[in-house]
1. How long is the gain from LYS51 to TYR11 if the chain were fully straight, where each residue apart is worth 0.36 nm and the alpha carbon distance is subtracted?
2. Full extension from THR78 to ARG22: what is 0.36 nm times the residue separation minus their Cα-Cα distance, to one decimal in nm?
3. Given H placed on each backbone N at 1.01 Å, which residues far from TYR64 in sequence or on other chains put an amide H within less than 5 Å of it?
4. Pop out the ³J(HN,Hα) list for segment 22-37 in order, Karplus 6.51 cos²θ - 1.76 cosθ + 1.60 with θ = phi - 60°, rounded to Hz; leave Gly and Pro as x.
5. Which distance in nm do the two modelled labels at SER37 and TYR64 give, with both placed 7 Å along the Cα-to-Cβ direction?
Amino acid sequence: MVLKCCVDSCYSIKRPNLSFHRFPLGDPERLRQWLLSLDMDVNTPLRLLSKLFVCQKHFQPDDYHSDPPLQPSRRHRTLRTTAVPDRFRHQDEQNPSSRTSSRW
């Protein structure tokens, strides 16, 4: 099974130097923030969410703990407990004009 980002219009798949993050299933309020930010149904069953991942392209650099350089045993950076993904962030990296304000 190929690990891929669950965010609409993001086609990232697992590769070296690209981290993927699980939904914070143990923290109901934070989970709700993630779902709302990603424009997902807040009633999505946990069994489904446990199989989904969000890639690092949807987080700001300051959403991560400032860890020392990655060691071979650590394959991804650690998110801060305040980190909330942005579903449009990956589009901004590809094309700054791709983010539309019509959603607001």
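1. Computed gain between LYS51 and TYR11 is 12.8 nm.
2. Here the answer is 19.0 nm.
3. ARG80
4. Couplings: 7, 5, x, 5, x, 10, x, 5, 5, 4, 4, 4, 4, 5, 5, 5 Hz.
5. 1.5 nm
None of the figures in this text is laboratory data; all of them are computed from the coordinates on show. Treat the numbers as computed from the prediction; the structure is a model and nothing was measured. Positions of Cβ are backbone-derived with ideal geometry, glycine not excepted, and every protein chain shown enters the neighbour counts.
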